[in-house]
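Engineer: I'd like to ask you about the structure that follows.
Read-outs throughout are calculated quantities, based only on the coordinates presented, and are distinct from any laboratory measurement. What you see is a predicted model; the values in this text were computed from it and never measured. Positions of Cβ are backbone-derived with ideal geometry, glycine not excepted, and every protein chain shown enters the neighbour counts.
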Amino acid sequence: MKKKLSILSLVLMLLLVSMPGLTMKVQAEETEQKEFRVGMEAGYAPFNWTQNTDENGAVPIQGDKSYAGGYDVEIAKIIAEKLGRELVIVKTEWDGLPPALQSGKIDAIIAGMSPTEERKKQIDFTDVYYESNLVMVIRADSDYADAKSLEDFSGAKVTAQLNTFHYTVINQIPGVQMQEAMDNFAAMRVALESGTIDGYVSERPEGVTAESVNPKLKMIEFSAADGFQTSPEDTAVAIGMRKGDPDVAAINEFLAGISKDERVKIMDEAIKNQPASDEDSGSPILKILKQNGMLFLRGTGMTMFLALAGTILGGIIGLLVGVYRTIPMSEKKGKRASQKLFGWLLNVYIEVFRGTPMIVQSAVIYYGTALLFGFDLNRTAAALFIVSINTGAYMSEIVRGGIFAVDKGQFEAAQALGMTHGQTMRKVVVPQVLRNILPATGNEFVINIKDTSVLSIISVTELFFQGKSAAGANYMFFQTYFIICVIYFVLTFSITRILRLVEKKLDGPEAYAPLAEEE
Amino acid sequence: MSEIIKVEHLKKSFGQNVVLKDIDLTVNKGEVVTIIGSSGSGKSTLLRCINLLEKPDDGKIYYKNENVLEPNYNLPKYRTHLGMVFQQFNLFNNMNVLENCMTGQVTVLKKSREEAKQTALENLKKVGMERFIDAKPSQLSGGQKQRVAIGRALSMNPDVMLFDEPTSALDPEMVGEVLKTMKNLAHTGLTMVIVTHEMAFARDVSDRVIFMDKGVIAEEGTAEDIFVNPKEKRTKEFLHRILNSDNN
Ligand SMILES: Nc1ncnc2c1ncn2[C@@H]1O[C@H](COP(=O)(O)OP(=O)(O)O)[C@@H](O)[C@H]1O
Ligand SMILES: [Mg+2]
C-alpha cells in the first residue's frame, strides 16, 4: 500500500542499523507482557482513522480521548484476541512507525503498510492481510467515464502521488501524458476537478472513498488483464513485526483463518463507516467541526501548552546561559579552565540546536533515548523537552542582546555600591533584560505555536497532528487544513495583541506627577 | 587631620597609552578636594582607580591605613565606604527613585527594608528629590537624575564621596541645581573629591585644588593658590583657556 519513504525515515533506519545490539536489548526486556501494542497513523482511511466515539467497534487510542477505527483496527482486534493480549492502539506518525517498532514502543505495525524489500531489511512482515488493486480516478462527466482498459487512456494527462509506486506504473498506459507527481490526494482531486489532469492512479479503497465523497469523481476498475501490472510487494499489506519476533508464526495462522470473503466484508464495512462517508449535513466546514471539534480543541490545548511551557522553560534556560556568559573569568588558573570548557559546551549547545531543524532533533531525541538507553520517554515530556531546549538556544542569544542593551554605566554604578557580580545581575541587570527581551520572547512564543507542528513527527497530539488525522479520515484535506490554519492564525494573532498590551502597561506613563509638597 | 585615602606612586596604562604616571594624593577627613585639568589628562581614571573600577598597574592605595590592593582585601565592603557619582548618572532604570536609594543598603549593607527606606528618604530630602520617590528614571530631567544619583550614593553613608564631572552631561539650566546640592553637602563637612570643569564652583567650595596634566599632578594648593596665584605655566595656560571659553 503506502510506500512513501522520506529522508527522515532513512536517517532513522540508518541509526537503527548501526546499533543492532541495542535493538536486541530493548526487545529482550519486554518478552513477558499482557498488552499487544499496535502502531498506526489513525489517519489513513479506510485502513485506519480517528473518531470521537467508540461506535462501529472503534478502539480507544492510548493517551488520547479519541478512538481508532478501520480495517486495520478490526484485524488488530482479531489478532489480539487470539493472542490473549489486550489491544492497545498507539497513534504514530507514518515515518515514526518502524523506529517505534524497533525501539520497543510498539509490538506491531498494522497500518496498511506494504512489505517492501527495503522495509524487510529492518523489520519482519507477516503474511498479507489485504490485497488491493490499482484504479484510475477521473471526472464522471469526462470522455474517460466508460474506459475499460489502459489503452482507453491514451493521450490522457495522468498523475499520482509522489514517491509511491502508483506513479511508476503510469507509463504502462500507452501514449499517456505523464504529469508531475503530486504531494497528496487532496491536491490531485482539486487538479482533477479543475481539469488540469484527466485522472490519477490510486488504490481501490481510496477510489471508493473519492467517489462517495465527491459525486463528480468516478473510479475506473480494470480486469486483471486490462489493468496495471503490479508486484504483490506494492499492492499487498502485511503486519510489521520486530526482527525475530516469535509471534509471527502464530499471527500468520490467525490471518490464514480470515477468509477472503471475510476480508472484503470487513473492508466494505470500513469504507462504509469511515468518517468521510457520513451523510452530507450541509457545509463541509461545519461537518468537519462537528466531527472533530473536540479533537481540534484538545490539539489546540496541547499546542498552547507546549508553546507556552516551552517558551517559559526555554526562556529560563536562555537566561541562565546568557547570564553565565557574563561571569568574569576567574583569576585562578584551574577554575578558569573549567569556566572556559563549560562556556565552550554552551556554545556547542547553542550552535547545534540553532543549526539543525527541530523536526530532526525531535526524531533523534525521541527514538534515540529509546534505542540508546532503553528509556521510553513520554511523548509529551519529550516534546516539551525538545521545544524548551530549542527555544533555550535561541533565547540565549536574545538574552545576550538584552544584556548588551543595559548600559555599562549601570553595571559600574552597582559595582560602586559594593554589589557583587551576582547581586548586580539579580537586582539590576536581569529585571531590565526581562523587559528588553519581552518582544523577542513573545515572538518566540508565536513561532513556537507554529513550529510545534513539526512535533507531529513523534506523534504528539498537537493541533497539526489532529488536523492531519482528521483529514486522513474525512478526505476533506483543503477544508480541514483550512480550519487548522484559521485556528493557528487566531492563536498567534491574539497572542501578539496581548503581548503588545502587556508591553505598553509595563512601560507606564511617560510623565511623572510629583507628590504634593509637605508642610 | 586624619587621612582617609592615601594614594602612592599610582601608575595606570591602557595598552601603550600611559594615563597615570606617578600619582601621590592624600584625602583628609572633612576635606573638599577638586581635581581640574584638560580633557584626557587622567582625572576620571584616577577617580576610578581609587574605587578600583579600574585596576592600577602599580602603586599603593590606602583606606584608613589599610592597603586595599592586598590580594584578599574585601573589595565590595571597601566600595561601600566610597560614594561614586558619575557623569552619566547611571541610575538603575528598572527601579524607581526610592528603590534606587534602597537597593544598595538592602543588598550590600544587609539593612532591613524599613531602615533602608528611612535612610533613603532622609538623603532624598537632602538633594531635594523627596517628592519624586515613585518616579522612574525615564520620567526625570537630567538635573533630577543626578540629584537622585547623589542621594543614592549618600544613602550608603560613605566616608568619601567621589564625583566625576557631575554636571558635564547636563543642560546648562540644570547645572545650577546640582552644584547647589553639592555646595550644601560640602557645608555639612562631608569628605568630597570632585572632578569638575566648573571653575567658579571649584574656587568656591574647595579646601584644596589639584591640577592634573598628562597623567601627573602638575600643581596642588588652596583655591587661592591655584586660581589667583598659579605657579606653573601649564596651570596658567589651562585656566586662561577655560576661563576665556566660559565667557563666550
Ligand atoms: N577603558 C579605557 N580603555 C582605554 N583607554 C582609556 C580608557 N579609559 C580612559 N582611557 C584613556 O585614558 C586617557 C585619560 O582618560 P580619562 O581618565 O577619562 O581623562 P579625563 O577624565 O581627564 O578626561 C585618555 O586618553 C583616554 O582615552
Ligand atoms: Mg573624565
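Engineer: Could you tell me how many cubic angstrom of Cα convex hull volume segment A:240-381 has per residue?
Structural biologist: Numbers: hull volume 27.5 nm³, N = 142.
Taking the convex hull of the Cα positions in segment A:240-381, it is 194 Å³ per residue.
Engineer: Apply the Debye scattering formula to segment A:297-463, with a single equal point scatterer on each alpha-carbon and no solvent, then give log10 I(q)/I(0) at q = 0.08, 0.09, 0.15 Å⁻¹.
Structural biologist: Listed by q, the Debye log ratios stand at -0.30, -0.37, -0.87.
Engineer: Taking the Cα centre of each part, how many Å lie between segment A:50-113 and segment A:165-226?
Structural biologist: 29
Engineer: Separation between the residue B:2 and residue B:66 pseudo-spin-labels, each 7 Å from Cα along Cα→Cβ, expressed in nm?
Structural biologist: 1.4
Engineer: Rg/Rh for segment B:1-138 to two decimals, with Rh computed the Kirkwood way over all alpha-carbon pairs.
Structural biologist: So for segment B:1-138, dividing Rg by the Kirkwood Rh gives 1.01.
Engineer: May I ask what percent, to the nearest 5, of DSSP beta bridges between residues of segment A:134-220 are antiparallel?
Structural biologist: If we restrict to bridges inside segment A:134-220, about 65 percent are antiparallel.
Engineer: How big is the antiparallel share of DSSP beta bridges in chain B, given as a percent to the nearest 5?
Structural biologist: Working: 20 of 37 bridges.
Here the share of antiparallel DSSP bridges comes out near 55 percent.
Engineer: Then there's this: Taking every Cα atom in segment A:160-305, find the radius of gyration and the maximum pairwise distance Dmax, and write them in Å.
Structural biologist: 19.3, 55
Engineer: Using a basic spin-label model with each label point 7 Å from the Cα along Cα→Cβ, how many nm lie between residue A:118 and residue A:336?
Structural biologist: In this crude spin-label approximation the distance works out to 5.6 nm.
Engineer: A further question follows. Can you give the charge dipole size of chain A about its Cα centre, rounded to the nearest 20 debye, using +1 on the beta carbon of Lys and Arg and -1 on the beta carbon of Asp and Glu? Numbers along the way, then the final one.
Structural biologist: On the way: 50 positive and 61 negative charges, 455 e Å.
It comes to approximately 2180 debye.
Engineer: Could I have the simple spin-label model distance between residue A:500 and residue B:183, label points 7 Å from Cα toward Cβ, reported in nm to one decimal?
Structural biologist: Each label point lies 7 Å from its Cα, and together they span 5.2 nm.
Engineer: Can you give the helix-only mean residue ellipticity at 222 nm for the protein assembly as shown, where every DSSP H stretch with n ≥ 4 adds -39500 (n - 2.57) and the sum goes over all residues, rounded to the nearest 500 deg cm²/dmol?
Structural biologist: -15500 deg cm²/dmol
Engineer: Separate question: If one puts a single equal scatterer on every Cα of segment A:330-413 and applies the Debye formula without solvent, what log₁₀ I(q)/I(0) results at q = 0.16 Å⁻¹?
Structural biologist: Per q value, in the given order, log10 I(q)/I(0) is -0.81.
Engineer: Would you calculate the convex hull of the Cα atoms in segment A:224-273 and tell me its volume per residue in Å³?
Structural biologist: Enclosed volume per residue, from the Cα hull, is 133 Å³.
Engineer: Now for a separate question. Computed over the Cα atoms of chain B, what is the ratio Rg over Rh, Rh following Kirkwood?
Structural biologist: Answer for chain B: 0.96.
Engineer: Shifting gears a bit: Expressed in nm², what is the orientationally averaged projection area of the convex hull enclosing the Cα positions of segment A:183-226?
Structural biologist: If I average the Cα hull's projected area over directions, I get 3.4 nm².
Engineer: With r as the distance between the Cβ atoms of residue B:9 and residue B:38 and R0 = 30 Å, compute the FRET efficiency 1/(1 + (r/R0)^6) and round to 0.05.
Structural biologist: That gives a FRET efficiency of 0.80.
Engineer: How many percent of DSSP beta bridges within the protein assembly as shown run antiparallel, rounded to 5?
Structural biologist: For the protein assembly as shown, the DSSP antiparallel bridge percentage is about 55.
Engineer: With unit charges on the beta carbon (Lys/Arg positive, Asp/Glu negative), name the residue among A:495, A:328, B:215 whose Cα is farthest towards the positive pole of the charge dipole of the protein assembly as shown.
Structural biologist: B:215
Engineer: Could you grab the Rg to Rh ratio for segment B:18-72? Cα atoms only, Kirkwood for Rh.
Structural biologist: We get a ratio of 0.95 for segment B:18-72.
Engineer: Taking H placed 1.01 Å from N in the peptide plane, check which residues at least 5 places from residue A:135 or on another chain put their amide H under 5 Å from its amide H.
Structural biologist: The list, which skips near neighbours in sequence, is A:202, A:203, A:204.
Engineer: I'd like the projected area of segment A:410-485, averaged over all directions, using the convex hull of its alpha carbons. Report it in nm² with one decimal.
Structural biologist: 7.2
Engineer: Please list 3J(HN,Hα) in residue order for segment B:31-38, calculated via the Karplus relation 6.51 cos²θ - 1.76 cosθ + 1.60 where θ = phi - 60°; whole Hz, with x for glycine and proline.
Structural biologist: Per residue, the Karplus-derived 3J(HN,Hα) values read 8, 10, 10, 10, 10, 10, x, 6 Hz.
Engineer: Name the long-range amide H neighbours of residue A:107: under 5 Å, sequence gap of 5 or more, or other chain; modelled H, no Pro or chain starts.
Structural biologist: For residue A:107, whose amide H was placed from the backbone, the distant partners under 5 Å are A:37, A:38, A:39.
Engineer: To continue, here is another question. Give the separation of the Cα centroids, segment A:439-496 to segment B:123-150, in Å.
Structural biologist: For segment A:439-496 versus segment B:123-150, the Cα centre distance is 50 Å.
Engineer: Please compute the Cα-Cα pair-distance distribution of segment A:134-220 with 10 Å bins starting at 0, giving whole percents from short to long.
Structural biologist: Spelled out bin by bin, segment A:134-220 gives 20, 60, 20, 0 percent.
Engineer: Find the all-direction average of the projected area of the Cα convex hull for the protein assembly as shown, expressing the result in square nanometres with one decimal place.
Structural biologist: 46.7
Engineer: Helix hunt in chain A: which complete DSSP H runs extend at least 30 Å axially by C-alpha with mean Kyte-Doolittle at least 0.0?
Structural biologist: Both cut-offs are met by A:284-324, A:379-404, A:477-507.
Engineer: In addition: What is the calculated FRET efficiency for residue A:285 to residue A:507, with r their C-beta to C-beta distance and R₀ = 56 Å, to the nearest 0.05?
Structural biologist: 0.85
Engineer: On average, how many beta carbons from a partner chain sit within 10 Å of the beta carbon of a residue in A:404-415? Intermediate values should be presented prior to the final figure.
Structural biologist: Values: counts 0, 0, 3, 3, 2, 6, 9, 2, 7, 14, 6, 7.
Mean shielding by partner chains, rounded to a whole number: 5.
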